Each structure stands twice: as C-alpha cells, then as structure tokens.
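Student: Sharing a structure, written as structure tokens. Questions coming.
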Amino acid sequence: MISSLVFTSLSSSKFRFDIKRWKIFADLMVDLGITLEVAATIVPKVHFLPMICLGNVCKAMCGVAAGACGGAINLHWATGSDISEINAKFGAQNTISGGIGLVVGALFARSIDLVSQTTLWKLYVSLTVFHIYANIKSM
C-alpha cells in the first residue's frame, strides 16, 4: 500500500505524456513481480521475504500505472461515444480474459508434477516473453 502511494506521488503527473510507455512499464512490472514471487520459493530462506516484498512493490506499481493508462485509453476510445459503455465493455473483456486465465491456470497447476522444474521455468519464461510481445504489438 505504501509503495502505491509513493509511486503515485512521484509519477502521477507523468502518465498522460506517454501512455504507451507506461502501459508497457505496467506489463513489465507485473511480470517482474510475479517472477520474484515464484523465484522466492527456490532461494535461501533469508531472501524469501525481501523477494516477496519486492514482488508486491512491483505489482503495486503495475496497478497504479495500468489504472492511469486504462483510464486514458478508455477516454481515447470514447471520443464521440459514451464513456460508460466503453468502461462496461472493458470490464466485460477483463472478466472474460480473467476467466480464461483461471481455467488455463487450473489446468496448468494440475500438470505441474508431470514435468521437471527446468521445463516449468522454460514454459514460464516463454509465456512471459509472449505476454510482453503481444502487448507491444497491440499498441
């Protein structure tokens, strides 16, 4: 929570100038945060808590940047239209993609014992790179 407040106070005036850059920043921060949280389970115990905390700081920065960018993107698409309709469609899209992610994640979790740790990390890195690539191409 404190990291969100600090990041907001330092960066809030900068979001409107380069929406695309901040959107990519948000995507990179969430991926970095998740990676730190996952990797915290394989490091010595002394590093576990700092890695989890740093991962949460990254995800908090993502939340602030993505929220700021999402509002600006929705306003852009609402030109000549109703912003409430755009926000409703955006929410529906997030609900659908979240549901699909939940199902795929559950299937993935069930098969986790069937493959090696190295294969899991390769798959994770591949999907993370694809996530960033897809977001860059979508702009």
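Student: Any residue in the range 118-130 that's on the phi > 0 side of the Ramachandran plot and part of a helix (DSSP H, G or I): show its pairings with residues that are surrounded by 12 or more Cβ atoms within 10 Å (Cβ to Cβ) and of a type in the set (D, E, K, R) at Cβ separation under 6 Å, as long as the two are six or more apart or on different chains.
Tutor: none
Student: Does T35 count as among the polar types (S, T, N, Q) and touching a residue at least 40 places away in the same chain (Cβ under 8 Å)?
Tutor: Yes: the conditions hold for T35.
Student: Looking only at the range 122-133, which residues are at pLDDT 90 or above, open to solvent by less than 90 Å² (accessible area, probe 1.4 Å) and over 13 Å from the mean Cα position of the chain (by Cα)?
Tutor: If the condition is that a residue be at pLDDT 90 or above, open to solvent by less than 90 Å² (accessible area, probe 1.4 Å) and over 13 Å from the mean Cα position of the chain (by Cα), then V125, S126 are the ones that fit.
Student: Something else about it: Within the range 7-29, is there a residue that is without any contact (Cβ under 8 Å) to a residue 24 or more places away in the chain, among the small types (G, A, S) and either touching a Leu at 6+ places or on another chain (Cβ under 9 Å) or closer than 21 Å to G105 by Cα (or both)?
Tutor: No, the range 7-29 contains no residue that is without any contact (Cβ under 8 Å) to a residue 24 or more places away in the chain, among the small types (G, A, S) and either touching a Leu at 6+ places or on another chain (Cβ under 9 Å) or closer than 21 Å to G105 by Cα (or both).
Student: Please go through (1) in a helix (DSSP H, G or I); (2) touching a residue at least 60 places away in the same chain (Cβ under 8 Å) for M139 and return the number of the only condition it doesn't satisfy.
Tutor: That leaves (1) as the condition not met.
The values are calculated or read from the model by the stated rules, or taken from the named source; none is laboratory data. Keep in mind that what you see is a predicted model, and the values were worked out from it rather than measured. Cβ sites come from the backbone with ideal geometry, for glycine too, and all protein chains shown count toward neighbours. Ligands, DNA and RNA are stripped out before the accessible areas are found, and what is left, the full protein with its side chains, is counted by its heavy atoms. Shrake-Rupley method; radii C 1.70, N 1.55, O 1.52, S 1.80 Å.
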